[in-house]
1. Zone of Leu197 (label point 7 Å along Cα→Cβ, backbone N under 14 Å): which residues in segment 249-285?
2. So if we plug the beta-carbon distance of Ser49 and Glu257 into 1/(1 + (r/R0)^6) with R0 = 51 Å, what FRET efficiency do we get, rounded to 0.05?
3. Within a Cβ distance under 15 Å of Asp226, other residues only, what is the Lys/Arg minus Asp/Glu net charge?
4. Exposure proxy check: Lys42, Lys212, Lys105 ranked by fewest other beta carbons within 10 Å?
5. Among the listed pairs Lys200/Lys297; Lys20/Lys297; Lys175/Lys212, give every one whose C-alpha distance is greater than 26 Å.
6. Taking the beta-carbon count within 10 Å as an exposure proxy, list Val294, Val271 from fewest neighbours to most.
7. Among the GluC sites (Glu not before Pro) in segment 226-300, which ones are in a DSSP loop with at most 10 other Cβ atoms within 10 Å of the Cβ? Mind listing them?
8. How much length is gained if the chain between Lys63 and Met269 is pulled fully straight, taking 0.36 nm per residue apart and subtracting their Cα-Cα distance, in nm to one decimal?
Amino acid sequence: MITTDHPFEALGIEDEDLWKKSGHLLSIAQSNIRYFLTVANKIKNYILSLRVKLSDTSLEIDKQIEKYNEEVININDYFLYLKKKANSVDIDLNKNYPNFILALKTFKNPYMHLYYNISSLMNTIHNESKRDKGKELIISPKKAISRLVESEEITKLERELRTQMCMENHLQIIKLFNNIELLINLTNMQGTPYQFLEFKKNRHEFSSDFFKEELLNYSILLEEKDMEILDTFVPIMEKFYELTKQRQIHYVKKSIENMDKTYNNLAAMLVMGFNTNGISNLLSEKYKITNYVVNIKEEK
């Protein structure tokens, strides 16, 4: 109840149908909210634990080198592994690693062993090898490609891969963390319209499949029952926020229409939570109306 010594007129009018639908969704959400937040915080803790695992990224390349040295994989397999990883982190192989590219082409086509195609590769390897310095250049294409593994070019590529892969994993972990934090904020009614917009824009990144697949890359297996609550709860929360946005549009529109009818150019709106930023943005961005948000602090 609002009491005042001054006369006032209620200008804002709710859409009753939207209000009822919103209330119904809220009651459904409240029955699952505690379990959802438990699961969301569990996922959040998993993601936080991944920071420790970032240092393991460089070990992946070392394991492949070890496999090659122990002849578990051949040089073709190792180079294809490097190529795959380089492409995944957008390293320009053609520009920065010409001999590596030449070696890959040689694997594909044996006829590229012709001297004019392989000579630059052989000379590069020959010049980098101390034991061959001063000797006559007699080296087969196969030997040249094998020697490439120990060359400065491949060492540089491995070093760049370690850096880029670590950075990529770090950015991915930050994205996962931000996504689960955003879901928690929206669930606690602490989200902003811009956060909801971000959620809608990248909707697939908030699905159970996305979290499951991304965390599986770090050997974290999420329980199926936890995934089910994500699939059940998140769409309900999404629909609730969409209805809330529709209610805000209706409320602001009716308020302005009634202000025009009564020739009022000054009004106060009592709103809370997600509605505060939503209504304020509508007034300023759509209707170009200057507005101020006054936060009320409850005295205990």
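1. 277-285
2. Numbers: r = 54 Å, r/R0 = 1.05.
Computed FRET efficiency for Ser49 and Glu257 comes out at 0.45.
3. Here the charged neighbours net out to -2.
4. Lowest count first: Lys105, Lys42, Lys212.
5. Pairs exceeding 26 Å: Lys200/Lys297; Lys20/Lys297.
6. Fewest-to-most Cβ neighbours within 10 Å comes out as Val294, Val271.
7. On the way: sites: Glu228, Glu238, Glu242, Glu257, Glu285, Glu298, Glu299; in loops: Glu298, Glu299.
Of the GluC sites (Glu not before Pro), the ones in loops of segment 226-300 whose Cβ has at most 10 other Cβ atoms within 10 Å are Glu298, Glu299.
8. Working: separation 206, 0.36 × 206 = 74.16 nm, distance 6.33 nm.
Length difference between fully extended and current span is 67.8 nm.
Laboratory data are not the source of any read-out in this text; all were calculated from the coordinates shown. Predicted, not measured: the structure shown is a model, and the values here were computed from it. Reconstructed Cβ throughout: ideal geometry from the backbone, glycine too, with neighbour counts over all protein chains shown.
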